[in-house]
Amino acid sequence: MARIWPTKLDRDRLRRRFVALLLDWMSWGYVAYGVMYFLNDYWWRIPLERFYTTLTLPPWGWPAAVLGTLAMAVICQVSGYSLGERALKLEIREERPLTKEELLMGRAAGKPFWKTQWGVMAVFLLALTVALGWHIVKIDPEALIHPSPRAREMLSEIFPPDFRHFRVPDPAFELRGLPYSILDLMVLTIFMALLATVLGAAVALPLSFLGARNIMGFSPAGWLVYGIVRGFFNIFRSIETMLWAVVFALWIRWGSPLAGIMALTIHTIAALGKLYSEQVEGIDPGPVEAVVAAGGNRIEVVRYAVLPQVIPSFWAFTLYRWDINVRMSTVIALVGGGGIGDMLFYYKNEGKWALLGAVVITIVAVVWAMDYLSGRLRERIT
Amino acid sequence: MAEPYLVVEHLTKVYERGHVVALKDVSFEVQKGEFLVIIGLSGSGKSTLLRCINRLIEPTKGRIFIDGVEITKLSPRQMRKFRRKIGMIFQHFNLIKRATVMTNVLTGRLGYNPTWMTLLGIFPRSDRELALKNLERVGLLEKAYVRADELSGGQQQRVGIARALMQEPELLLADEPVSALDPATSHSVMQYIEQMNREDGVTVLASLHFLSLARRYGTRIIALKDGELVFDGAPEEIDDRKFKEIYGEEAEEVEIR
Amino acid sequence: MLSGYPEAYLKERPRWMSLDAVADFFYFGFRNLRKYLSIVLLDMGAIGILWLLMNYVIIRLSTGRIGYALVPWWVFGLGVVEAAALWESFGRSFGHRVARVELRRTDGGEPTATQRILHWLLWHVSVLPIFPLLFIPSPHERVSGLELRPFTMEGRTPKPWWRTSTGIYVAWLTGVALLAAISVTVSWEDLVRLFTKAGTTAKFWRSFFSPDTSIILKTIRDLIVTVFMAMTATSFAVLVAVPLSFLAARNLMRGVVGRLIYTVIRGMMSIIRSIEPVVWAIFFLVWVRVDLTPFAGVLALFVHSVSDLTKLYAERLESIDPGLIEAIAATGANRLQILRYAVIPQIVNPYISFTLYRWDINIRMATVVGVVGGGGIGQALFFYLTGNLWRQAGTVMLFIIALVWAIDYLSARLRAKLA
């Protein structure tokens, strides 16, 4: 019987062919972008600002660019110069026994990649990327070797750092009417991280079981809860803590430690929740079977078969997260999150480099110690 | 009797300020072409003994002669050269997992080729021919360009044997070559080693877990217990009493076929 | 009687007054000293932290300031030392728990009250001046007839946690730490605003559904700059971190000089890593000329990436399989050949995977670095935020989220392929 619909295998090939074409199309779009960029800068001498805002394309340019890159992609696929084919393993190889010579010299293992057709493309794209990168980020070794006059001033003042306000509050630096010392704010910062971690872990713990495939089962309701929880984790994790801090600083007050705590907490919930639930999914199913066989319900399974297996790694993840939260909380003041960052940016803006040096050294010491401690503890736990 | 091929004299190896003793005053001789099997419990010093012989581990005291050369006196550079004559295969095969079988086998020639060539992955044509010949010998010619980690355990150990063959060795050290394999595969691997011993005249020192394997393949057996040599003789000489002495009172002999 | 020495040593001790005996006295003595000191320091730390946390709570609630000193420092010091001595003599202290030991009679029985008091009194003679700890057993244990033995539950029933001193301590510590953290960081007004002023962010969320289309091209340009910042920083960091990682791997750096290089590099890297990229960006923004903003951001990311990648790479190097090295060495290969055939094949894929991971992080970091003026999309975001241009700020954030998500997905997919 003749087949009308493509078989599963064919559909898979078709899908891969499509994705490969898309990849090639995108890479040619990238090439076109790069070429336009350099033409603008070196040939037409159009200011980069204008290039970016208008892309300096004539009205017919857009369809031309889209179709042109598509045409290039198709040509690539036909001629074999295709990265997409290679990435999706669509290469067609001749099926024949190896000759003696091939067997001996290893031709069967393939040419070195820069001699293959896709390799040529890859090298070309790489070179373009390096050139573009060099230009876009304005790399300037000269500037690195010869510091600006302001930098010389900074260097001359920053050594030795001035620890006079380590314990004694600095009257010039006030937050809501009260002067603070470095130590005060450092403690405040550590407390911020602590609260965020505890809150985050407390919320993430129950949620993580709802986001674990093997706990939720395969009923429609299970799928739904699983999907919602995992979606929540993924969305909230991809939003940086700093962005959350902005939101909460607007909400509560610019410079409020609570804003920083809330921002850190939300990110902690999402990050820890994902790690936790992955851990729950990776447990040994043996004990679960044993508890089910003994007549345990789902809660009992979690309590007696799942929890004992995951608790050590839960602790390890939480400690790791605390470490991260301490780092983040030292700079979250930049976006209104409060903590020692307030002092850091104050001294930087005032140009009090010696005092700034003391703040930075304190931060380094604390973060380093936290890193070391949490590392040691994690080693012990796992 | 002819001049022995390998002489081990008063070999001692201690770790950690003299308070962990791995080998205690071990002495024995091996004739050329012998298949010597070393038996003993885990931790009795079998691996340390084998590694002292090609000085992957530096002995603390004692002397080792191979073919009349006192290898315990060689400089690291000279020792590297000397190691080319000593093939070694391992319990866990120790292959480059991500590389092809061919590359793995060719590493057996590293000591014979200039460094700059091997760093670029270039081996002479003659070496490649030898590699194919040796792969054919262990029955893996078809797999020459397959990644090593795609092979089964027995096949991987055969690649290890081919790698040792590449060195054209006079002496083969086999550190529990079949412990990680199932019984059926064990025999096939052991037979390749036996073949090396019979046909190429390679002297073999193999440590084995099972006494039955040792009896089947060894021409002579030595036994280690807590780093001391407790038995040296023909396979038939190990009776029940000896067995209990080597393996402890609670041990029970298992047959492996 | 002579516990604390390995059994093999007690069987074959060196001759009395020989050079070996002197060397062994110090070797085992220092091991003994370290054992006791680690327990004492842990106990003192545990008690000290609890006291300080309680002070934070008291001072904050009574005066509204952040402070820790209720008593003079020497009272604090003496109190902590004495409390530790008491805890270690009359119970199973926190330090004992961590070291998994307990105080027992040398014959294994439960200590009597007299022995405990003797242990406590002599503790001051033996542990405080440190040196007597070199003797095994140390004077306070020799006289009181007690010793620290490995703790075992064999033949005993467990006590509930609230009946053990460490259990009570940890419960107290948790409560006091949370109380201190809350009282120091959270003020009442802030809390009220958190629950009543959610509406202030509405204008912000609204822009998520009606983005400002006029700035889209400009935002895309900033995105491209950000991606390139991350890419450039990562690639340069790889070039530096790969060779450094070999010098920072403990198993490859043997000997005195090797250990020194290892320690110096690891130490420097962990210091550099402790400084957030934002702070590095501040530094480099001062260092290079003002018009080179993306470059300063790249330098900041670069420095941080080098230290992070070096650590990740070196840890991978430390966990490579030594068997393969043995195998290649056994063929008569030299050091370079061992590197090429035994080390590199084991690390290539993990290195690429770490690099991708770092690139992913660098994209996030690049947005943050931009906020201090490091260029890219973060700078645009900060510009809109400070200008109260909420709608534009929301639009930019939408783009950032999309970018981070895409890169996260991409790098995770690629890494899954490599593993």
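In table form, for the structure just shown:
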quantity	calculated
Among residues of region A:194-247, those that are free of Cβ contacts under 8 Å to residues at least 12 places away in the same chain and within 29 Å of C:Leu173 (Cβ to Cβ), counted	3
All helices (runs of 4 or more DSSP H) inside region A:172-272 with 1 or more residues being at the interface with chain C (Cβ under 10 Å from one of its Cβ atoms)	A:182-210, A:220-238, A:241-251
Residue, surrounded by the fewest Cβ atoms within 10 Å (Cβ to Cβ), within region C:246-305, restricted to residues that are facing chain A (nearest Cβ under 8 Å), of a type in the set (A, V, I, L, M) and farther than 22 Å from A:Leu132 by Cα	C:Ile271
Members of region A:115-133 found to be of a type outside the set (A, V, I, L, M, F, W, C) and closer than 14 Å to A:Asp24 by Cα, listed by number	A:Gln117, A:Gly119
Qualifying positions in region C:59-80 - hydrophobic (A, V, I, L, M, F, W, C) and within 14 Å of chain A (Cβ to nearest Cβ)	C:Ile59, C:Ile66, C:Ala69, C:Trp73
Criterion (more than 30 Å from C:Thr201 (Cα to Cα), hydrophobic (A, V, I, L, M, F, W, C), assigned by TED's automatic domain parsing to the domain that holds C:Thr219 and in a helix (DSSP H, G or I)) met by exactly one of C:Ile363, C:Ile328, C:Ile400	C:Ile328
In region C:380-406, the residues that are crowded, with 16+ Cβ neighbours inside 10 Å, more than 9 Å from chain A (Cβ to nearest Cβ) and within 30 Å of C:Tyr351 (Cβ to Cβ)	C:Leu403
Candidates B:Val202, B:Val178 - the one that is at pLDDT 90 or above and β-branched (Val, Ile, Thr)	B:Val202
C:Leu317 crowded, with 17+ Cβ neighbours inside 10 Å, over 25 Å from A:Ile363 (Cβ atoms) and at pLDDT below 90	no
Only one of A:Val366, A:Val326, A:Val301 that is assigned by TED's automatic domain parsing to the domain that holds A:Val246 and either charged (D, E, K, R) or surrounded by 23 or more Cβ atoms within 10 Å (Cβ to Cβ) (or both)	A:Val326
Residue that is part of a strand (DSSP E or B), crowded, with 17+ Cβ neighbours inside 10 Å and not basic (Lys, Arg), where the choices are C:Leu133, C:Leu103, C:Leu122	C:Leu103
Residue count for region B:169-194, restricted to those that are in a loop (DSSP other than H, G, I, E, B) and without any contact (Cβ under 8 Å) to a residue 60 or more places away in the chain	3
In region B:144-160, the residues that are part of a helix (DSSP H, G or I), surrounded by fewer than 22 Cβ atoms within 10 Å (Cβ to Cβ) and touching a strand residue (DSSP E or B) at 6+ places or on another chain (Cβ under 9 Å)	none
Sole residue being over 24 Å from B:Ala223 (Cβ atoms) and either among the β-branched types (Val, Ile, Thr) or away from every other protein chain (no Cβ under 14 Å) (or both), chosen from B:Gln167, B:Gln195, B:Gln191	B:Gln195
Exclusive hit being free of Cβ contacts under 8 Å to residues at least 24 places away in the same chain, within 22 Å of A:Met328 (Cα to Cα) and not charged (D, E, K, R), set C:Leu339, C:Leu403, C:Leu389, C:Leu385	C:Leu385
Close pairs (9 angstrom Cβ cut-off, 6 or more residues apart or separate chains): within 8 Å of chain C (Cβ to nearest Cβ) in region A:134-148, basic (Lys, Arg) anywhere	A:Asp140/C:Arg289; A:Ala143/C:Arg289; A:Ser148/C:Arg289
Residue within region A:159-166 that is surrounded by fewer than 22 Cβ atoms within 10 Å (Cβ to Cβ) and either within 10 Å of another protein chain (Cβ to nearest Cβ) or assigned to a helix (DSSP H, G or I) (or both) present	no
Failed criterion for B:Leu50 (all others in (1) buried (at least 20 other Cβ atoms within 10 Å of the Cβ); (2) over 22 Å from B:Gly160 (Cβ atoms) hold)	(2)
Enumerated helices (runs of 4 or more DSSP H) restricted to region B:1-119, each holding at least 3 residues that are within 14 Å of chain C (Cβ to nearest Cβ) and not hydrophobic (A, V, I, L, M, F, W, C)	B:46-53, B:76-83
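The values are calculated or read from the model by the stated rules, or taken from the named source; none is laboratory data. Since the model is a prediction, treat every value here as computed from it, not as a measurement. Using ideal geometry, Cβ is built from the backbone for each residue, glycine included, and neighbour counts are taken over all protein chains shown.
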